[in-house]
Amino acid sequence: MHSNLTQIVQDPQRLAALHELGLLDTPAEQAFDRLAKLAARILHTPIVLISLVGSDRQFFKSCLGLPEPWSSWRETPLSHSFCQHVVASGQPLVIPDARRDPQLLDNLAIRDLNVIAYLGSPLILPGGQVIGSFCVIDSKPRDWTDEQISIVRDLAASVMTEINLRHMHDSLQEQTQAQTMAMTAALRESEALYRDLVESSLDMICTHDLEGRLLSVNQRAGELLGYRVEELVGMNLRDLVVPRFRAQFDDYLAEIRRARVLRGYLQMQTRDGKRRVWYYQNTLRTEGVSVPIVRGTAHDVTEQFETGRKLRESESLYRELIELAADGIFISDAEGRFTEVNAAGCALAGYTREELLHLGIVDMIPPQDRQTNPPRLDELWAGKTIIRERRLQRKDGTIVLVESSVKQLPGGRLQGIVRDVSERKQAEALREGNSRALEQLLRGTSLSEVLDTLVRTVEAQIEGAIGSVLLLDPDGRHLRHGAGPHLPEAYNQAIDGVEIGPAVGSCGTAAYESRQMIVENIQTDPLWADYRKLAAAHDLQACWSQPIFAADGQVLGTFAMYYREPRSPSERDLRLIEDAGHLAAVAIENSRVQQALVQSDKRFRATFEQAAVGVAHVSTEGRWLRVNQKLCDIVGYTRQELLTKTFQDITHPDDLDADLAQVTRMLAGEIPTYTMEKRYFHKNGKIVWINLTVSLTRKSNGEPDYFISVVEDIAQRRQADATRRATLEAALDCIIEMDHEGKITAISAVAEKTFGYAPAEVIGRELAEVLVPDAQRAHHRQGLINYLTTGRHAILNRHVEMDALRADGTTVPVELMVRVIENSDPPRFIGFARDITARKQAEAVREKLLADLTQRNVEMENFVYTISHDLKAPLITIGGFASLLVKDIERNDKERGRESVQEIRKAAEGMQQLIDDLLLLSRTGQVQGEPEDVDLHAILGDVQARCASHIERERATIRVVSPLPRLHVDRLRFGQVLQNLLDNGVKFHRKGVDPVLEIGAERTNGEARLYVRDNGIGIEKRYQEKIFGLFERLDTGREGTGVGLTIARRIVEQHGGRLWVESEPGRGSTFWLSIPDSVIVDDSAGEAARHMRTLR
Amino acid sequence: MDKPANKSTLPIRILLVEDNDAHTKLILRAMQEDRLANPVDCVRDGEEALDYLYRRGAFEDPSTSPRPDMILLDLKLPKIDGLEVLKTIKEDEKLRDIPVVVLTSSTDARDVSMAYRHYVNSYIAKPVDFDKFRQVVQELDYYWTIFNTKPDHKTHRVK
């Protein structure tokens, strides 16, 4: 038990957390004391403690009603600590009577602090560490009620809120502290300035204790006495006094103890024995110091003293000494009328000596002080020296703050030594003003008030100054009114919102240039050219402006001083406004942070309460900790009812396990959040479908703290979803929904089938990735971005055709219409797509047909053209010779007549042949016999038989030089080809050379070829293609219509082959016929070889 | 009656490019009927026509292939067709002065326009009626007279 207590109290983590708070050994603070007082008042306990339990003591941040010396020490050892038990247990400790508690009866607090009844609640950091206890204590036994325990718990929570708030503001505070330190340094500097002033008028400063031992001396004192400062420290002042007067030193010490302030002369001896006369003013300090000390300032008046040595005994010397004093010295008669005044006094009061000698003490006191702060003559008459600060009214009516030391002289006369302390007071006022501003800042006072305080503080420092703070807008271009309590309201309004620039008065320029702008005379300074009239209208003549810089160097605004006369700043003035600028920066930045905090807090509250969805904090056990109205509305319970339930209570049993499984995973840290659709029971028993999103808040030590649940009523959405699902299932078109990120959110069953995906496989994937072909993907993505950023679109609301990517990588042509779903924000899109493969195919077929037809038309046109020419030719012949025949008959010229008839007959025969060939040609294009297996040798035999007479006449030889394959072709047509080639070969023989034709087969480049080679006239290269044209003849002298080769080529092409010629004029030609493998039945050479024969 | 006399005083050498023998005979007969005794050289395809004009191959000897004063050109010719021959003539500095009259069975607008595009001097369709044929030949003669008067007079004067 005890070791457990030690273990927890001494836990290094706990102690580190406690130290980190920085609360130990800090002074009492109102924020905490208020809570302590509140507890005392509510619970009627004499003692209330805010106890922070350290490793060896408990420190009281607040202690109310504790007896001395504890109250001053503000701590006790742990031997006197009940609170450590609260720390150990982390639970409230409720002790009605400690003397009866076995655990506590030995605790020394019972004896020493009279702790009998104790009620303490733990102070727990967000991280879970217990740093101490908030406790109430009574010296008599008490029975603590539940309500009292609850109050103490609440107050402990308030203490923690206060502590956490401070902790939360740590960074801010650190910054503030840094700035405060800078300020303090500045203050110290100004204090030093004050000291310097004092020193320069009184020359020496020292402190000594009540024995006269010197504790400190300044450099000047050492110089004047001929010692080094280190030597002087520790010496007794008595030993430095001229021996003759040492006996009187004890009187001095006694007198200063009594009067606390003493002025007079001391005769000192320097190291080398010389005498110096000092006029001193010494003060006894007992407060705020461990031992009483005397602070002394002394002016060396030796020279004057020596000069007036001869008059030493006389009044005049005395007056001289008075006259030489830096302080004003006034001597009055018993009625207070001045009888003597020194020069300093005259200067102080602003009167001449003559004038003063007609006035009295009362005249120096401002009228308003005469009642509230009258001269305390009765005390003076009782022999007291009265030292106080008071206000002195000068002749010109101005007020000077003075410290006066007045005492009665023999004869009822009064002597007043008066010192102007306005400078010191100013420094104090500055410090106080700045401290006030800082306090306001920490208290969260509004920025304008803080700035107001700053302005007033600085105004009090510089006579005639009128302060102004302008704040730079977040746009960094316009200055807004910040503070200007003494500037004319109209002027403040006129410059509110002014745009900064290179010549916009002092402030606009200072903010623009980021540097101090001192304008000594507004009426002549170019910076004020545009604002001169405005300034003049408000009688503003000078303006010094200091930019207010944020910690990062950004300009936050300006701090400016205006004057009603042209004026240049002293160094002190400059320092003052610079410092004010620093402080204003702290205030402004602080205020912005505070505002941000307040805003985020407000936002949170607003989010929580006004959320359109139910929001709740739920304990790790499932209890509703905090619920908003919307959640109450969804489930039909009041807030109070709901807070007594757990989420398990209202969850549908069928959904509970799934939810709890997720909860378990989240508590284990496996998932950061989860979302599910589930059912709650409404208070009326009906089922409510909700969408639940849960996240977990953890304490800073990582332990689960509470869940944040967002509950959305999705009854309507589920209905809509169901409808939509049904639509998507049933739709005949491809329907695809896409969100603003381009992800597929829904897809119809037909679409999945069309694009080759399993149900739901593509949900959540990027549409561009899944359905858009590579080439268009970037374009598609850019289109979406363009729409989202500019609203421009290329394909919305109209039918477009494009290729869509399928799962297997192939594409499918679709007709697509994309629309933006109405009211969707961010926009969602729905696309209707239809597979148009069939249509595309039909279109392709149609286009092919069209192309073919066009081609045929061209051919036909050429054909008709050619035919018309070749048919016309014999008609012309016949017509011509018929006319001639008539003439021949008229002339009875039988010879010519016969000739004409001969020509007519020839033309008619030629025409007959032409028409026959044309018929053959047209049949070649249209009629086709059924392909059959054909032995080429057999066909050749038939052809030779048909051409036998021609062959015979021309004495031609035909040889089959290699085995020919069996082919699967149209027997008749293929025979025609061979016949044409043979005919040609025989016909175009060279004169005097018997035609020899060789027929063979070979395989070249993997292609089966037949050839017919002759030894005829050959064909020039340029005509080798022309001969295949319709009616093309190279030699019109020979028979033929020029149709044969045209027909042959067409037949070969119809069988999938090609026909061409290779030839050398005068040597012969080889006609080549390529045969596609598909029509070759048997290419076996051995078999065919046997058919090789020579025919003649 | 004056015309034949005129013609005989101006013997015009004609190059006839015609593959159809019957048509050649018809043309020659038509000229005889009109007593046009112009010397006519006949070639039977485009290749021969160009060989004749450039005195190549069988036409190397200038005495057998004198420069014609006029060319009658069929369009549908073996080997090199008439339009090609026309084009070659009209693109040749030395030959382009020779008037070329296309005499063809084609009345196809494309042929007509192509011929004129290649600077043919005249385009005459072959009629079936022999009288019309004769008329054409006469027109040719007339045409030629107008066409060649100027250069010929010049020549005479120089001589």
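When you scan the range A:32-42, do you find a residue that is of a type in the set (Asp, Glu), closer than 24 Å to A:Pro141 by Cα and either touching a residue at least 12 places away in the same chain (Cβ under 8 Å) or surrounded by 17 or more Cβ atoms within 10 Å (Cβ to Cβ) (or both), even just one?
no
Since A:Gly553 meets every condition but one in (1) assigned to a loop (DSSP other than H, G, I, E, B); (2) surrounded by 15 or more Cβ atoms within 10 Å (Cβ to Cβ), which condition does it not meet?
(2)
Can you run down the residue pairs with Cβ atoms below 6 Å, 6 or more apart or on separate chains, where the first is in the range A:117-146 and under 11 Å from A:Ser51 (Cα atoms) and modelled with pLDDT of 90 or more and the partner is of a type in the set (Lys, Arg) and outside any loop (DSSP other than H, G, I, E, B)?
A:Ser121/A:Arg153
Within the range B:86-122, which residues are outside any loop (DSSP other than H, G, I, E, B), more than 9 Å from chain A (Cβ to nearest Cβ) and at pLDDT below 85? Before you say what the answer is, go through the steps one by one.
Within the range B:86-122, the subset outside any loop (DSSP other than H, G, I, E, B) is B:86-91, B:100-104, B:109-117, B:122.
Retained after the next criterion (residues that are more than 9 Å from chain A (Cβ to nearest Cβ)): B:86-91, B:100-103, B:109, B:112-117, B:122.
Listed by number, the residues that qualify are B:Ala109, B:Ser122.
Go through (1) touching a residue at least 24 places away in the same chain (Cβ under 8 Å); (2) part of a strand (DSSP E or B) and name the single condition A:Phe338 misses.
(1)
Collect the residues in the range A:1008-1035 that are touching a helix residue (DSSP H, G or I) at 6+ places or on another chain (Cβ under 8 Å), acidic (Asp, Glu) and within 10 Å of another protein chain (Cβ to nearest Cβ), keeping them in residue-number order.
A:Glu1032 - this is the single residue of the range A:1008-1035 that is touching a helix residue (DSSP H, G or I) at 6+ places or on another chain (Cβ under 8 Å), acidic (Asp, Glu) and within 10 Å of another protein chain (Cβ to nearest Cβ).
Tally time: how many residues in the range A:818-871 are more than 14 Å from chain B (Cβ to nearest Cβ), touching a residue at least 40 places away in the same chain (Cβ under 8 Å) and either touching a helix residue (DSSP H, G or I) at 6+ places or on another chain (Cβ under 8 Å) or closer than 30 Å to B:Asp111 by Cα (or both)?
Total satisfying the criteria: 4.
Just give me the residues in the range B:36-85 being more than 12 Å from the chain's Cα centre (by Cα), in a loop (DSSP other than H, G, I, E, B) and away from chain A (no Cβ under 14 Å), in sequence order.
B:Leu36, B:Ala37, B:Arg55, B:Glu60, B:Asp61, B:Pro62, B:Ser63, B:Thr64, B:Ser65, B:Pro66
Output the residue which, of all residues in the range A:1036-1071 that are within 13 Å of chain B (Cβ to nearest Cβ) and surrounded by fewer than 15 Cβ atoms within 10 Å (Cβ to Cβ), is nearest to A:Arg973 (Cα to Cα).
Only one residue fits best here, namely A:Glu1039.
Would you please name the residue that is farthest from the other protein chains (Cβ to nearest Cβ), looking only at residues in the range A:872-893 that are among the polar types (S, T, N, Q) and over 13 Å from B:Thr24 (Cα atoms)?
Within the range A:872-893, the subset among the polar types (S, T, N, Q) is A:877, A:883, A:892.
Restricting the remaining residues to those that are over 13 Å from B:Thr24 (Cα atoms) gives A:883, A:892.
On the way: A:Ser883: 3, A:Asn892: 16 Å.
Here the residue is A:Asn892.
If you go through the range A:788-802 one residue at a time, do you hit one that is more than 40 Å from the chain's Cα centre (by Cα) and part of a loop (DSSP other than H, G, I, E, B)?
Within the range A:788-802 (the criterion being more than 40 Å from the chain's Cα centre (by Cα) and part of a loop (DSSP other than H, G, I, E, B)), the answer is no, since none of the residues qualifies.
Could you identify the single residue in A:Gly702, A:Gly685, A:Gly742 that is free of Cβ contacts under 8 Å to residues at least 60 places away in the same chain, on the phi > 0 side of the Ramachandran plot and in contact with a Lys or Arg (Cβ under 9 Å, 6 or more places away or on another chain)? Show your work before the answer.
Numbers: A:Gly702 fails: in contact with a Lys or Arg (Cβ under 9 Å, 6 or more places away or on another chain); A:Gly685 fails: in contact with a Lys or Arg (Cβ under 9 Å, 6 or more places away or on another chain).
Exactly one residue qualifies, and that residue is A:Gly742.
Please verify whether A:Arg896 is at pLDDT 90 or above, within 26 Å of B:Thr104 (Cα to Cα) and either under 60 Å from the mean Cα position of the chain (by Cα) or within 12 Å of chain B (Cβ to nearest Cβ) (or both), treating the condition exactly as stated.
On the way: at pLDDT 90 or above: no; within 26 Å of B:Thr104 (Cα to Cα): yes; either under 60 Å from the mean Cα position of the chain (by Cα) or within 12 Å of chain B (Cβ to nearest Cβ) (or both): yes.
Here the answer is no, as A:Arg896 does not meet what is asked.
Within the set of pairs 6+ apart or on separate chains, which have a first residue in the range A:268-294 that is acidic (Asp, Glu), a second that is surrounded by fewer than 19 Cβ atoms within 10 Å (Cβ to Cβ), and C-beta atoms under 9 Å apart?
A:Asp272/A:Gly226
Within the range A:258-267, does at least one residue satisfy the condition of being out of contact with any Phe, Trp or Tyr (no Cβ under 9 Å at 6 or more places or on another chain) and free of Cβ contacts under 8 Å to residues at least 40 places away in the same chain? Spell out how you get there, then give the answer.
Initial filter on the range A:258-267 (out of contact with any Phe, Trp or Tyr (no Cβ under 9 Å at 6 or more places or on another chain)): A:258-261.
Those still in the list that are free of Cβ contacts under 8 Å to residues at least 40 places away in the same chain too: A:258.
Within the range A:258-267, one or more residues are out of contact with any Phe, Trp or Tyr (no Cβ under 9 Å at 6 or more places or on another chain) and free of Cβ contacts under 8 Å to residues at least 40 places away in the same chain.
Considering only residues that are part of a loop (DSSP other than H, G, I, E, B), touching a helix residue (DSSP H, G or I) at 6+ places or on another chain (Cβ under 9 Å) and among the β-branched types (Val, Ile, Thr), which ones fall in the range A:16-47?
Once the filter is applied, which keeps residues that are part of a loop (DSSP other than H, G, I, E, B), touching a helix residue (DSSP H, G or I) at 6+ places or on another chain (Cβ under 9 Å) and among the β-branched types (Val, Ile, Thr), the range A:16-47 yields only A:Thr45.
Starting from the range A:801-817, keep only residues that are without any contact (Cβ under 8 Å) to a residue 12 or more places away in the chain, then list their pairs with residues that are part of a loop (DSSP other than H, G, I, E, B) whose Cβ atoms are within a distance under 6 Å, requiring at least 6 positions of separation or different chains.
Going by the 6 Å Cβ cut-off, there are no qualifying pairs.
Out of all the residues in the range A:900-921, which are without any contact (Cβ under 8 Å) to a residue 60 or more places away in the chain and surrounded by fewer than 17 Cβ atoms within 10 Å (Cβ to Cβ)?
A:Val901, A:Gln902, A:Arg905, A:Lys906, A:Ala908, A:Glu909, A:Gln912, A:Ile915, A:Asp916, A:Leu919, listed by residue number.
The values are calculated or read from the model by the stated rules, or taken from the named source; none is laboratory data. Quick caveat: nothing in here was measured; it's all calculated off a predicted structure. Neighbour counts are summed over all protein chains in view; Cβ atoms, including those assigned to glycine, are modelled from backbone coordinates with ideal geometry.
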